[in-house]
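**Q** The structure is given below, and queries will be raised subsequently.
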Amino acid sequence: PLLRLNDLRKHGITLHLMLEAERQAIPDVPAVYFVQPTQANMERIASDATAALYESMHLNFTTSLPSKQLEALALAVVKGEKGPQRIAKLHDQYLAFIALEPTLFSLGLTDAYVQLNDPSAQDSQIETVVASIVDGLFSVCVTLGVVPIIRCPRGGVAEHVAAQLDQKLRDALRARNNLFVEGVLGLSASLTRPLLCLFDRNFDMSSALQHSWTYKPMVHDVLGLHLNRITLSAEAGPGPGSTGPGLAGGKRTYDVDEHDFFWEACGTHAFPRVAEEVETQLQRYRSAVEEINKRTAAGAQEGEFVDADELLRKNTQNLMAAVSSLPELQEQKKTLDKHTNLATALLSAIKGRGLDAWHSTDEEVLCGKADLGAVLRLLGGARGSPADRLRLALLWLLTSEGVPSEADYNELEGAVRAGGAD
């Protein structure tokens, strides 16, 4: 999972550094390493151990550490007088993936598609990428404690990945230290095994090209959501909650995850509905604050006889209730301010690039209702970025019936190049 600084501090970690950074010795504290089992990382760990940088070293690897690298690490560590004493524990964590949400993960392989489809790529390069994909999927299976039923189309990379993942799962089930509950539960566990479907990206290229109109995909596509964090430039407007941490260089950063109630509730809504929901939630917040103010300011009405002790008790109860509810209301207000700023930035992009028109035309292209003329009219318009034009042109080429004529292709290419696309 993604860990923020506050999460690390809750677990007693007060300092975090990159492995390749220059680090000073802190000989009286333990160090927790979380690294990939690469040759460069093994050499750096051995160097830290022989230099006695820390009191003890707890090594955690994202995938299984090969026996050859383990032997090489041991040989390098014993060369130092104090090296072997520094290594306290070693664990294979099987965490070669990024859990963005409870039901969403990423392998973090940004260039995998290019490397797998590059005609000039060497077999060794393709095998390296496939191995990384297999390690990531295997880590997900180990973390969930399940052995899935694997299905994939015949031929292509998907089948290659499926075959290697299947073999790795079988080897793990035969191992002495079984990583899966299925190895113990047997047939009863096989009845509830999940289904893992693997597809090549080329199986559905259109979904990666079309312009989205729902909240989460739009934040990712337009605002550059990365690892559950969005960075807005100062041009997005000040907005509420624009002061605070993360404003270096006139930029603001926001985190969104499963703890964000608005993100979870409205992530799949269309953008116009999200804008309405922001205003609705703000009105609820204002009503809650007004109710608290009324209750804490309440007293005996004029001419009414009230026991002083009873009035004091009621006022104390109201005050305690207000104090207990204020932190939650403050967090709600911060969340709503954040999404107000995000919605404002999205609205600015929609107006500037005409994203509503691009989205509607994409939908018509996918449904077969938009001809080349409609596509060319939008490509020749004033609004939209070069990437918007290129995405629409590719979408039309992918969904058009038959091979376009050379004249249509040249006209489409000319319109895209005229819009600034390379």
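**Q** How do the pairs read when you match residues in segment 8-20 that are part of a loop (DSSP other than H, G, I, E, B) with residues anywhere that are open to solvent by 100 Å² or more (accessible area, probe 1.4 Å), using Cβ under 8 Å and keeping only pairs 6 or more apart or on different chains?
**A** I13/V32
**Q** So which residues in segment 202-217 are closer than 15 Å to W358 by Cβ, open to solvent by less than 40 Å² (accessible area, probe 1.4 Å) and part of a helix (DSSP H, G or I), if there are any at all?
**A** If the condition is that a residue be closer than 15 Å to W358 by Cβ, open to solvent by less than 40 Å² (accessible area, probe 1.4 Å) and part of a helix (DSSP H, G or I), then S206, L209 are the ones that fit.
To keep it simple, each residue is scored yes or no on (1) part of a helix (DSSP H, G or I); (2) of a type in the set (A, V, I, L, M, F, W, C); (3) modelled with pLDDT of 75 or more; (4) on the phi > 0 side of the Ramachandran plot.
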| site | (1), (2), (3), (4) |
| --- | --- |
| P153 | no, no, yes, no |
| A158 | yes, yes, yes, no |
| V161 | yes, yes, yes, no |
| L169 | yes, yes, yes, no |
| L173 | yes, yes, yes, no |
| N177 | no, no, yes, no |
| G183 | yes, no, no, no |
| S188 | yes, no, no, no |
| T192 | no, no, yes, no |
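**Q** Moving to a separate point now. Quick one: would you say A99 is outside any helix (DSSP H, G or I), open to solvent by less than 50 Å² (accessible area, probe 1.4 Å) and either in contact with a Lys or Arg (Cβ under 8 Å, 6 or more places away or on another chain) or farther than 20 Å from N202 by Cα (or both)?
**A** Details: outside any helix (DSSP H, G or I): yes; open to solvent by less than 50 Å² (accessible area, probe 1.4 Å): yes; either in contact with a Lys or Arg (Cβ under 8 Å, 6 or more places away or on another chain) or farther than 20 Å from N202 by Cα (or both): yes.
When the stated conditions are applied, A99 passes them.
**Q** Within segment 245-259, track down each residue that is at pLDDT 90 or above, more than 18 Å from F105 (Cβ to Cβ) and either in contact with an Asp or Glu (Cβ under 8 Å, 6 or more places away or on another chain) or not β-branched (V, I, T) (or both).
**A** R252, Y254
**Q** Can I ask one more? When both residues are 6+ apart or on different chains and their Cβ atoms are under 9 Å apart, which pairs have a first residue that lies in segment 370-388 and is under 14 Å from G352 (Cβ atoms) and part of a loop (DSSP other than H, G, I, E, B), and a second that is of a type outside the set (A, V, I, L, M, F, W, C) and open to solvent by 30 Å² or more (accessible area, probe 1.4 Å)?
**A** Cβ pairs passing all conditions: R383/K351; R383/G352; R383/R353; G384/R353; S385/R353; S385/G420.
**Q** How many of the residues in segment 339-364 are more than 23 Å from R229 (Cα to Cα), open to solvent by less than 10 Å² (accessible area, probe 1.4 Å) and not acidic (D, E)?
**A** Residues meeting the conditions: 2.
The values are calculated or read from the model by the stated rules, or taken from the named source; none is laboratory data. A quick note: this is a predicted structure, and the numbers were derived from the prediction, not measured. Cβ sites come from the backbone with ideal geometry, for glycine too, and all protein chains shown count toward neighbours. For accessibility, only protein heavy atoms count, side chains too; no ligands or nucleic acids. Shrake-Rupley method; radii C 1.70, N 1.55, O 1.52, S 1.80 Å.
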